[in-house]
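Report on the following structure.
The values are calculated or read from the model by the stated rules, or taken from the named source; none is laboratory data. Model, not experiment: these values are computed from the prediction. Don't worry about glycine lacking a Cβ; one is built from the backbone with ideal geometry, like all the others, and counts go over all protein chains shown. Surface areas here come from the heavy atoms of the whole protein model, side chains and all, with no ligands, DNA or RNA. Shrake-Rupley method; radii C 1.70, N 1.55, O 1.52, S 1.80 Å.
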Amino acid sequence: MSSSALRVRTGLRPTRLEVDLAAVRANVGRLAALAGVDVCAVVKADGYGHGAVEVGRAALEAGARWLAVALVEEGIELREAGIDAPVLVLSEPPVAAVPELLQARLTPTAYREPFLAVLDAAGHERGAPVGVHLKLDTGMARVGVPPSDITERLGQAAAARWLAVEGLLTHLARADEPEVATTGQQLAAFGSALDDAAGLGLHPQWRHAANTAGALLHPASRYDLIRPGIGIYGLSPAAEVPASDHGLVPALRLVSEVSQAKWVPAGTPASYGHRWRAPEDGWLATVPIGYADGVPRALSNRAQVLLGGRRQPLVGSVTMDQLLVWCGDHEPAVGDAVVLLGPQGSQLIRVEEWAAAADTITYEIVTQLSARLPRIHRG
Ligand SMILES: *Cc1c(COP(=O)(O)O)cnc(C)c1O
């Protein structure tokens, strides 16, 4: 399955997502320089909405050694686009997906006993060991070998003749909070598991633990490889960890145009539920983008857009396909450029601003940008 099959045609609609691949390359280079180790660029969920194939290629051009995805089908998409680099699947796929996983030369993350047994058997059958990254749960309780089973599972992996343990990894639950003690506790548990592994003769080339926040804030989590996702897109892992403080630049612009402009008298109610009324006589612009494109409905009356180089409020309910912008005295014209995210003139609207207004995180904003938006890659 290729997600590009879902992508709509470009050129029919003024609304589009522009992705600056030069920014992605700069961010990958910046993270690599900062951490001083190799980079596994995380391009799951269609590259956090930016386009997995294009971002993946850009990250590799910038020196990333690995790409990572969440799903086997996401890895297959990269292979079908001709990407040859190592691709890590970040969680165990269903056993039924193992033939496709191996066929596409994807590297599985593994942790459950039966899954390791299936991989070992597959390696035996083809007469070549299956490379695997073992994931240890050190305090997230989501996926990975639970703490109580780590010794036993390491033993199983070490004894399996047709498994090659190329990586050992863990994942941090609170890396974006510099002050909490749990990150240090997770890293200590990971360190002792690495010692156990060495005792069993396992010396994986790739030991890794750091997401973007780990790579930026916790040098001890960097090991041999960092796994940044949100940072390669130039976005902040949390409001308290601004990407811009670390020299990361946003890669995405979400742009449209005014599709209708009208003068309205003071008090005119607008959009579903009449949740807004014109504060005075003035100009109201319609923009053809809505929640079906990924503009959260929670931004109704709570965001701004750039029009004519000025910040203007998004007013009334965001609807499925359109939203309204109050322009006051400034008369807009059909075809005027509207920037929802990104720069226009000296102004800039950040994904972080939407995340705060919609009470969510940057990750959710960009992964909800829908397949209906044409993606245009530059640089
Ligand atoms: C998504 C993910 C990452 C990337 O996290 P960011 O916070 O986007 O940098 C890294 N590792 C694992 C296991 C993940 O699931």
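Where in the range 92-193 are there helices (runs of 4 or more DSSP H), lying wholly inside it, with at least 1 residues that are at pLDDT 95 or above and closer than 29 Å to G82 by Cβ?
98-103, 113-126
Go over the candidates G56, G49, G75, G36 one by one and state the one that is modelled with pLDDT of 95 or more, open to solvent by less than 30 Å² (accessible area, probe 1.4 Å) and on the phi > 0 side of the Ramachandran plot. Spell out the reasoning first.
Details: G56 fails: on the phi > 0 side of the Ramachandran plot; G75 fails: on the phi > 0 side of the Ramachandran plot; G36 fails: open to solvent by less than 30 Å² (accessible area, probe 1.4 Å).
Among G56, G49, G75, G36, only G49 is modelled with pLDDT of 95 or more, open to solvent by less than 30 Å² (accessible area, probe 1.4 Å) and on the phi > 0 side of the Ramachandran plot.
What are the residues in the range 343-363 that are under 17 Å from R302 (Cα atoms) and either acidic (D, E) or not in a helix (DSSP H, G or I) (or both), if any? Show your work before the answer.
Our first condition is that a residue be under 17 Å from R302 (Cα atoms); within the range 343-363, this holds for 348-362.
Within the range 343-363, L348, I349, R350, E352, E353, A358, D359, T360, I361 qualify.
Scan the range 144-173 and report the pairs whose first residue is within 16 Å of the ligand (Cβ to nearest atom) and whose second residue is assigned to a helix (DSSP H, G or I) and among the hydroxyl-bearing types (S, T, Y), with Cβ atoms within less than 7 Å and a gap of 6+ or a chain change.
L172/T183; L172/S221; A173/T182
If only one of D195, D137 is of a type in the set (D, E, K, R) and open to solvent by less than 50 Å² (accessible area, probe 1.4 Å), which one is it?
After applying the criteria, what remains is D137.
Any residue in the range 178-188 that is crowded, with 22+ Cβ neighbours inside 10 Å, farther than 15 Å from R222 by Cβ and within 16 Å of the ligand (Cβ to nearest atom)?
Checking the range 178-188: not a single residue is crowded, with 22+ Cβ neighbours inside 10 Å, farther than 15 Å from R222 by Cβ and within 16 Å of the ligand (Cβ to nearest atom).
Output the number of residues of the range 198-221 satisfying the condition of being exposed (fewer than 14 other Cβ atoms within 10 Å of the Cβ) and under 24 Å from the mean Cα position of the chain (by Cα).
Residues flagged as exposed (fewer than 14 other Cβ atoms within 10 Å of the Cβ) and under 24 Å from the mean Cα position of the chain (by Cα) within the range 198-221 amount to 1.
Would you check which residues across the range 25-55 are closer than 13 Å to V366 by Cβ and aliphatic (A, V, I, L, M) and list them? Steps first, answer last, please.
Here is the first cut: in the range 25-55, the residues closer than 13 Å to V366 by Cβ are 42-52, 55.
Passing the criteria: V42, V43, A45, A52, V55.
Please state which one of A210, A128 is in the same structural domain as V87 (by TED's automatic domain parsing), within 16 Å of the ligand (Cβ to nearest atom) and of a type in the set (G, A, S).
The match here is A210.
Which condition breaks for A209 when tested against (1) among the aliphatic types (A, V, I, L, M); (2) under 17 Å from I150 (Cβ atoms); (3) assigned to a helix (DSSP H, G or I)?
It is condition (3) that A209 fails.
At pLDDT below 95 and either assigned by TED's automatic domain parsing to the domain that holds D46 or under 20 Å from R65 (Cβ atoms) (or both): is that true of P219 in this structure?
No; evaluated as a whole, the condition is false for this residue.
Please work out if L299 is closer than 20 Å to P14 by Cα and in the same structural domain as Q260 (by TED's automatic domain parsing).
It is false that L299 is closer than 20 Å to P14 by Cα and in the same structural domain as Q260 (by TED's automatic domain parsing).
Can you confirm whether A173 is of a type in the set (A, V, I, L, M) and either over 18 Å from D120 (Cα atoms) or open to solvent by less than 50 Å² (accessible area, probe 1.4 Å) (or both)?
In short, yes.
Six or more apart or on different chains, Cβ atoms under 8 Å: show the pairs whose first residue is in the range 108-134 and open to solvent by 40 Å² or more (accessible area, probe 1.4 Å) and whose second is assigned to a helix (DSSP H, G or I).
Short answer, once both residue conditions are applied: E113/R153; E113/Q156; P114/V95; V118/V95; V118/V98; R126/L102; P129/G123.
Can you tell me which of A5, A26 is at pLDDT 95 or above and open to solvent by 20 Å² or more (accessible area, probe 1.4 Å)?
A26
Just give me the residues in the range 5-31 being out of contact with any Phe, Trp or Tyr (no Cβ under 9 Å at 6 or more places or on another chain) and either among the aromatic types (F, W, Y) or within 14 Å of the ligand (Cβ to nearest atom) (or both), in sequence order.
Across the range 5-31, the qualifying residues are V28, R30, L31.
Which numbered condition in (1) within 28 Å of V165 (Cβ to Cβ); (2) touching a Gly at 6+ places or on another chain (Cβ under 9 Å) is the only one that E92 fails?
The one condition E92 does not meet is (2).
Against the definition (within 14 Å of the ligand (Cβ to nearest atom), in contact with a helix residue (DSSP H, G or I) (Cβ under 9 Å, 6 or more places away or on another chain) and under 23 Å from V89 (Cβ atoms)), how does L216 come out, yes or no? Reasoning before the result, please.
Details: within 14 Å of the ligand (Cβ to nearest atom): yes; in contact with a helix residue (DSSP H, G or I) (Cβ under 9 Å, 6 or more places away or on another chain): yes; under 23 Å from V89 (Cβ atoms): no.
No.
From V325, V338, V318, V334, which residue is modelled with pLDDT of 95 or more, surrounded by 18 or more Cβ atoms within 10 Å (Cβ to Cβ) and assigned to a loop (DSSP other than H, G, I, E, B)?
V318
Kindly check whether there is at least one residue in the range 64-79 that is touching a residue at least 40 places away in the same chain (Cβ under 8 Å), under 24 Å from A22 (Cβ atoms) and assigned to a strand (DSSP E or B).
yes
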